[in-house]
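Read through the structure below, which is laid out as structure tokens, and then see the notes.
What follows draws every value from the coordinates through simple rules; no lab data is involved. Everything quoted here is computed from the prediction, not taken from an experiment. Glycine gets a Cβ as well: all are built from the backbone with ideal geometry, and neighbour counts include every protein chain shown.
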Amino acid sequence: MHKKPLSKQIYDARWCYLFVLPCSILTGMFVIYPIGMSWYFSLLDWSGFTKEAKFIGLKNYYEAVNDEFFWDAFIRSFIFMFGTVPVKIVLGFIIAVFLNNQVLKLAPFFRTVIFMPVVTAIAIIGIVMTFVFSPFNGPANKFLMSTNLTSAPIDFLGNPDTVLPTVMGVYVWKWLGITMMYWLAALQTVPQDVYDAAKIDGAEGYRLWIHIILPIVLPFAIVIILVEAVGALNVFPLIETMTAGGPFFSSEVMEIYIFRTAFVTDSGTMPRLGYACAAGVFWGVAVLFITVLQGLWMRRTRRI
Amino acid sequence: MSRYLNFIAEKNQVKYLIITIAFIIFSFFWIYPLLWVLSASFKTDFEIWGGLGLIPDRLVWENFERAWFGANMGRYFFNTLIITVVSVIIVVVTTGMFGYVIGRYSFPGKKILIGILISTIFIPQGYTIIPVFDLLNNLNISKNLIGLTLATAGHTPVIYILLFAGYFSRVPVELEEAAKMDGAGFVRTFISIMLPLTKPVVATVSILQVLHAWNDFLLPVVITLGNPDIRTLSVGVYAFKGEYFVDWSGMAAASVITILPIIILFLFMQKYFVEGVQGAVKG
């Protein structure tokens, strides 16, 4: 078939271009442009609040990689990811397996309850949890003490050793409903006849799950892990409202570090948008790198 | 949505009962923090720290009065409402149009456009927040709701577009051809034939965007740093914590004002929430 010239093709599709325009402009303004600008800003010595900005090349990057707070936050973000994602995946799977039973009459109710924290504003959860885990008569400590599990109140959010596990626990609680929904969607794709046939063949209990159902839901598992892993690196609102990175920076993840260097001025330091952008770019590239790695792994596994 | 893998047999009553009871206990603990804040919003400060019980001695409505008027939550409520409603309209219209074209037509540059979109999926919000803040300042819309609303709508998750595109691509071609025969143009076909067919996607996308806009924190906290008047509810409660940190019951009431509307919406429209969430892994 003879192909139309490009200009004619473009003219014919003029409505198409008009239709993609509004969304493209918005995405361009608030996603694409900021990505480009943050690279540029990262090369400036700039407070963000004055017009004076000095081009200093890669000095911000040099400073970041030599700052131990930067690396502490960097590593902490990954501790957060590796500590929460497996728990969510496994726990979400177990709950989904139970709630996928038709016989369980209350399953829709349980599903609603477990999903409830997901729709609750994350900043509010952070604030409410500072009450719940308060060492001064907070409900968590009250419960532990009335059941004699501890004799003295635990300062969950005030102790550098307990703060990160506590925040991670709250994170799992807040988002487990989503993981459960993903798994329920995955389980829905197991064909009923495969399941029935396997049962007739005498596959029971764990054998049924390992040999029949897991292979079917595995491709989903990979997507779920990818989505969850990226999600676990975006925890700014929860940590900012629960601890603001404290005590003594012991719960400061990358996003809090960026926010602190960019905007927080209580300690008398000047805000430094240029430097924060450099940290952000470094971080964004690291996340992208991990995403690409996971994506490759995903493609390889799917091909098998 | 009706495949079940029943490993709990109906005849095994004991196992059934144990699982049900275990789940009831689990659910109670799971939901306890939310019930606790709801009950705290009706208690006095003294009573909040008194015990684990959830039933207040008497309903202290003054907590809500203090939060709504004293801490300005009333204003923040309407700010959040405006941002949410307007951003939902913007998002549904723009991603609907985009998804329609992507799902049904091919045109030069389409692949590049999709490629760019997909590549933005995994960009952390923290990465773009500073230039967004700067952009709104330069456009002189950082001090009113316009900037915040546009930025909220601009952070459109690609998933919305994919949901629309997937749905539109499944609409039979005959419908479109029939419309063309009747002399309907591109825009009219879209508005009067196509859009009404996608009501379920419109509902799903709207719900997801409501959830996102109402609960967003990083963007509004940065944009409203110097402008308390345009704070959203989440930012308002956070600021409340800083300013009146001894007024626990007022803060609980402010929290309830923030979370209750969405929880009620969720309870009534659960189906769309679930579809939206599951769309992310199904696609």
query = For segment A:168-251, which GluC sites (Glu not before Pro) are both in a DSSP coil and crowded by at most 14 other Cβ atoms within 10 Å?
reply = A:Glu204
request  = List the extent of the Cα atoms of segment B:13-61 along each of their three principal axes, largest first, rounded to whole Å.
outcome  = 45, 18, 16
request  = Taking the Cα centre of segment A:218-299 as origin, work out the dipole magnitude from +1 charges on Lys and Arg Cβ and -1 charges on Asp and Glu Cβ, in debye rounded to 20.
outcome  = 220 debye
query = Under the Kirkwood approximation applied to all pairs of distinct alpha-carbon atoms, what is the hydrodynamic radius of segment B:3-148 in Å?
reply = 21.9 Å
key: Ordering of B:183-189, A:24-30, A:118-124 by packing [mean C-beta count within 10 Å, highest first]   = A:118-124, A:24-30, B:183-189
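Rounded to two decimals, what is the ratio between the C-alpha radius of gyration of the protein assembly as shown and 2.2 N^0.38 Å?
On the way: Rg = 25.4 Å, N = 587, 2.2 N^0.38 = 24.8 Å.
Relative to the rule-of-thumb radius for its length, the protein assembly as shown sits at 1.02.
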query = Going by a ≥ b ≥ c, the root eigenvalues of the Cα gyration tensor, does chain B fall in the rounded group (a/c under 1.5), the prolate group (a/b larger than b/c) or the oblate group?
reply = oblate
query = Of all chymotrypsin sites (Phe, Trp or Tyr not before Pro) in segment B:27-136, which ones are in loop regions per DSSP and have a Cβ with at most 12 other Cβ atoms within 10 Å?
reply = B:Trp61
query = Kirkwood Rh, segment A:61-303, all Cα pairs: how many Å?
reply = 20.4 Å
query = So how far apart, in nm, are the two label points at A:Ile79 and A:Asp161 if each is 7 Å from Cα heading toward Cβ?
reply = 1.3 nm
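Where in chain A are the helices, taken as whole DSSP H runs, whose Cα atoms extend 30 angstrom or more along the long axis and whose Kyte-Doolittle mean reaches at least 1.0? Intermediate results must be reported in sequence, preceding the final value.
On the way: long enough: A:68-99 (45 Å, 1.71); A:163-187 (35 Å, 1.31); A:273-303 (44 Å, 0.84).
What comes out of the filter, once short or polar helices are dropped, is A:68-99, A:163-187.
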Segment A:56-138: projected area of the alpha-carbon convex hull, averaged over directions, in nm² = 9.7 nm²
query = If you keep only loop residues by DSSP, which GluC sites (Glu not before Pro) in segment A:8-99 have at most 14 other Cβ atoms within 10 Å of their Cβ?
reply = A:Glu52
